[in-house]
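Some notes on the structure that comes next.
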Amino acid sequence: MAKSTRRPLVAGNWKMNLDHVEAIRLIQDMALRLRNLDHRAVDIAVHPPATDLRSVEGIIGADQLPIALGAQHCSAYSSGAYTGEISVAMLARLSVTLVLVGHSERRLHYAMTDTDVAATTAAVLKGLLTPVICVGESAAEREAGETETVLVRQVSAALEGVAKGAEQSIVVAYEPVWAIGTGIAATTEDAQLACGRIRDEIRERRGDVADSIRILYGGSANPENAGELVSQADVDGLLVGGASLQGESFAAIVSAVCACYGT
Ligand code: PEP
């Protein structure tokens with residue numbers, strides 16, 4: 001499948017920013033700015049904090065905004081004594097359709113392992129939501145020349161949670177840890193190399209369905225580098241952190257991606 005037939009996705013990860021009142025303001029601002037754009041060829045998503053989901057869902061629903069609602073994390077369990085956790089079914093009831101799984105901040109600060117990533121991926125797919133599986137090497141791993149090894153390990157482990165035939169329902173995000181929040185994005189060549197390697201690994205394990213899976217780049221994406229990043233053959237969109245917290249920069253990124261896809 002050619003790149004042009006994979007619909008690009010631009011997803012904003014708001015992380016632990018904005019209370020629900022601020023979230024309403026941001027989604028309304030985004031909606032106004034996106035209205036002036038022809039973004040029919042691009043999927044757009046936002047991943048607000050869990051406490052904002054109900055409010056953002058309300059605005060998206062009331063105004064019928066073409067923005068998908070995503071969560072930043074969920075439990076691998078369906079219910080029970082897991083204090084502080086949120087199940088896939090709870091998210092689905094809030095019209096959430098995407099869930100970030102294994103973001104490097106979850107791996108780093110909450111000891112999320114490759115096994116946890118696989119279990120959470122399986123839970124998300126079972127609930128008929130789309131896991132956005134985050135992978136990427138740390139600065140130390142990159143310096144040690146281990147980028148490829150890390151990507152292969154993380155991707156193959158995550159695929160343990162993907163039943164045969166369910167591959168098309170996943171999204172993978174390549175997020176080099178050293179690029180997240182630093183203002184230093186990967187070069188377009190490095191982003192392409194890593195995303196291409198991820199696709200090859202999926203192809204080796206699952207066959208040609210790899211060509212239909214969207215692979216995003218994330219890590220200091222901004223309006224200036226967005227177009228060049230998504231023009232790479234295996235980069236099918238962006239996961240955006242800091243620059244998704246302002247309507248202006250997020251809309252400018254969507255606009256750059258639209259331009260690259262000819263809309
Ligand atoms: C992220 O954490 O998913 C991310 C891409 O962050 P930033 O764009 O701020 O580097």
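The values are calculated or read from the model by the stated rules, or taken from the named source; none is laboratory data. The shown structure was predicted, so the numbers you read here are calculated from the model rather than taken from an experiment. Don't worry about glycine lacking a Cβ; one is built from the backbone with ideal geometry, like all the others, and counts go over all protein chains shown. SASA here: full protein model, heavy atoms, side chains in, ligands and nucleic acids out. Shrake-Rupley method; radii C 1.70, N 1.55, O 1.52, S 1.80 Å.
Determine the calculated [θ] at 222 nm for the chain from helices alone, applying -39500 (n - 2.57) to every DSSP H run no shorter than 4 residues and normalising by the residue count; nearest 500 deg cm²/dmol.
For the chain, the value works out to -12000 deg cm²/dmol.
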(request) Taking amide H positions as placed in the peptide plane 1.01 Å from N, state which residues far from Ile44 in sequence (5 or more) or on other chains have amide H under 5 Å from it. (result) Val10, Ala68
(request) Report the extension gain between Glu148 and Thr51 in nm, rounded to one decimal, defined as 0.36 nm multiplied by the number of residues separating them, less their alpha carbon distance. (result) 31.3 nm
(message) Please list 3J(HN,Hα) in residue order for the range 113-129, calculated via the Karplus relation 6.51 cos²θ - 1.76 cosθ + 1.60 where θ = phi - 60°; whole Hz, with x for glycine and proline.
(response) 9, 4, 5, 4, 4, 5, 5, 5, 4, 4, 5, 5, 5, 4, x, 6, 9
(request) Return the distance in nm (one decimal) between the two label points of a simple spin-label model at Glu204 and Ala163, each offset 7 Å from Cα along Cα→Cβ. (result) 2.7
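Give me the extension gain from Ala89 to Thr5: residue separation times 0.36 nm, minus the current Cα-Cα distance, reported in nm with one decimal. Working shown, then result.
Working: separation 84, 0.36 × 84 = 30.24 nm, distance 3.07 nm.
That works out to 27.2 nm of additional length.
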(request) With springs only between Cα atoms under 10 Å apart, run a GNM on the chain and tell me which of Asp52, Asp114, Asp190 wobbles the most. (result) Asp190
(message) As an exercise, use a Förster radius of 45 Å and the Cβ-Cβ distance of Ser79 and Ser212 to find the FRET efficiency, rounded to the nearest 0.05.
(response) 0.85
(message) What do you get for trypsin sites (Lys or Arg not before Pro) in the range 162-248 restricted to DSSP loop and a cutoff of at most 13 other Cβ within 10 Å of the site's Cβ?
(response) Lys164
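Assuming a ≥ b ≥ c are the square roots of the Cα gyration tensor eigenvalues, decide whether the range 108-217 counts as rounded (a/c under 1.5), prolate (otherwise, with a/b larger than b/c) or oblate.
Working: a/c = 1.83, a/b = 1.40, b/c = 1.30.
Here the range 108-217 falls in the prolate category.
At 1.4 Å probe size, with every protein chain present, just tell me what the per residue accessible area of the range 9-260 comes to in Å².
On a per-residue basis, the range 9-260 sits at 44 Å².
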(request) Let me know the shape class of the chain, please: from the alpha-carbon gyration tensor, a ≥ b ≥ c as square roots of the eigenvalues, rounded when a/c is under 1.5, otherwise prolate if a/b is greater than b/c, or oblate. (result) rounded
(message) Under the rule a/c < 1.5 gives rounded, and otherwise a/b versus b/c splits prolate from oblate, where does the range 159-252 land using the Cα gyration tensor?
(response) prolate
(request) Report the one residue of Leu193, Val21, Thr115 whose Cα lies farthest in the direction of the positive end of the charge dipole of the range 9-260 (charges on C-beta: Lys and Arg +1, Asp and Glu -1; origin at the Cα centre). (result) Val21
(request) Per residue of the range 238-255, in order, report the coupling 6.51 cos²θ - 1.76 cosθ + 1.60 (Karplus, θ = phi - 60°) as ³J(HN,Hα) in whole Hz, putting x for Gly and Pro. (result) 9, 9, 10, x, x, 6, 8, 8, 10, x, 4, 6, 5, 5, 5, 5, 4, 4
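What dipole magnitude, in Debye to the nearest 20, does the chain give about its Cα centre under +1 on Lys/Arg Cβ and -1 on Asp/Glu Cβ?
Values: 22 positive and 32 negative charges, 153 e Å.
For the chain, the charge dipole is close to 740 debye.
Within the accessible area of the range 205-263, what % is carbon and sulfur when the probe is 1.4 Å and the other protein chains stay in place? Don't jump to the answer; show the numbers that get you there.
On the way: 810 of 1930 Å².
Reported share for carbon and sulfur atoms: 42 percent.
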(request) Once you've got the GNM for the chain with C-alpha springs shorter than 10 Å, pick whichever of Leu159, Leu18, Leu100 has the biggest mean-square fluctuation. (result) Leu18
